[in-house]
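To start, the structure under review is shown below, and the notes come after it.
The values are calculated or read from the model by the stated rules, or taken from the named source; none is laboratory data. Every value quoted in this text rests on a predicted model; they were computed, and no experiment measured them. Cβ placement follows ideal geometry from the backbone for every residue including glycine, while neighbour counts extend to all protein chains displayed.
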Amino acid sequence: MVCLDKQVCFSVYALSRQINQRYRPILDELDITYPQYLVLLILWEHQKHSVNQLGERLYLDSGTLTPMLKRLEQKGLIKRTRSTADERVVEISLTKEGKQLREPACAVPQKFLASLNISPEELVQLHHTINKILDLTKNLK
């Protein structure tokens, strides 16, 4: 018999929603959403990415990503420019304000972990398992 409580996909879905709810008040302090936070994490690490590269890293299509990038640009955190090598490519980079947001954002992971009733070791194990599944699904495409 198929039952909701036995479905791994439901547990992952419910966990995703719970994680977003726990991040929301933390990221509200920075005036960004969780998906915007993920874009900024990539840019703080690599400075510049194309829209396509961001989409691949975040598992998002351009139809979802483009409006989010426009909002980040309106907030003054990123800038979008056409590549000089290929004008079809839109490159995303941080503005001065976007770079300055990195320091207060450094507290986000600690605040998130504090909101959970789970050990750092358990979280690392969960992260490892999730990445293993994601890697397997990438290879199936």
Matching entry among Lys70, Lys96 (being under 22 Å from Tyr23 (Cβ atoms), out of contact with any strand residue (DSSP E or B) (no Cβ under 6 Å at 6 or more places or on another chain) and modelled with pLDDT of 95 or more): Lys70
Matching option when the condition is surrounded by 12 or more Cβ atoms within 10 Å (Cβ to Cβ), out of contact with any Pro (no Cβ under 8 Å at 6 or more places or on another chain) and not β-branched (Val, Ile, Thr), among Arg57, Arg24: Arg57
Single unsatisfied condition, Leu72 versus (1) surrounded by fewer than 17 Cβ atoms within 10 Å (Cβ to Cβ); (2) under 20 Å from Cys106 (Cα atoms); (3) in contact (Cβ under 8 Å) with a residue 12 or more places away in the chain; (4) not hydroxyl-bearing (Ser, Thr, Tyr): (1)
Pairs where the first residue, in region 104-124, is over 29 Å from Leu77 (Cβ atoms) and free of Cβ contacts under 8 Å to residues at least 40 places away in the same chain and the second is outside any loop (DSSP other than H, G, I, E, B) and hydrophobic (A, V, I, L, M, F, W, C), C-beta under 7 Å, 6+ apart: Pro120/Leu113
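Listed here are the residues, each with its yes/no results for (1) touching a Lys or Arg at 6+ places or on another chain (Cβ under 8 Å); (2) of a type in the set (S, T, N, Q).
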{"site": "Lys79", "(1), (2)": "no, no"}
{"site": "Pro104", "(1), (2)": "no, no"}
{"site": "Leu116", "(1), (2)": "yes, no"}
{"site": "Gln125", "(1), (2)": "no, yes"}
Filter result (surrounded by 13 or more Cβ atoms within 10 Å (Cβ to Cβ) and either at pLDDT 95 or above or under 13 Å from the mean Cα position of the chain (by Cα) (or both)) within region 37-50: Tyr37, Leu38, Val39, Leu40, Leu41, Ile42, Leu43, Trp44
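The rows are residues; the columns are (1) outside any helix (DSSP H, G or I); (2) touching a helix residue (DSSP H, G or I) at 6+ places or on another chain (Cβ under 8 Å); (3) not aromatic (Phe, Trp, Tyr).
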| position | (1), (2), (3) |
| --- | --- |
| Glu103 | no, no, yes |
| Gln110 | no, no, yes |
| Leu116 | yes, yes, yes |
| Leu123 | no, yes, yes |
| Ile130 | no, no, yes |
| Thr137 | no, no, yes |
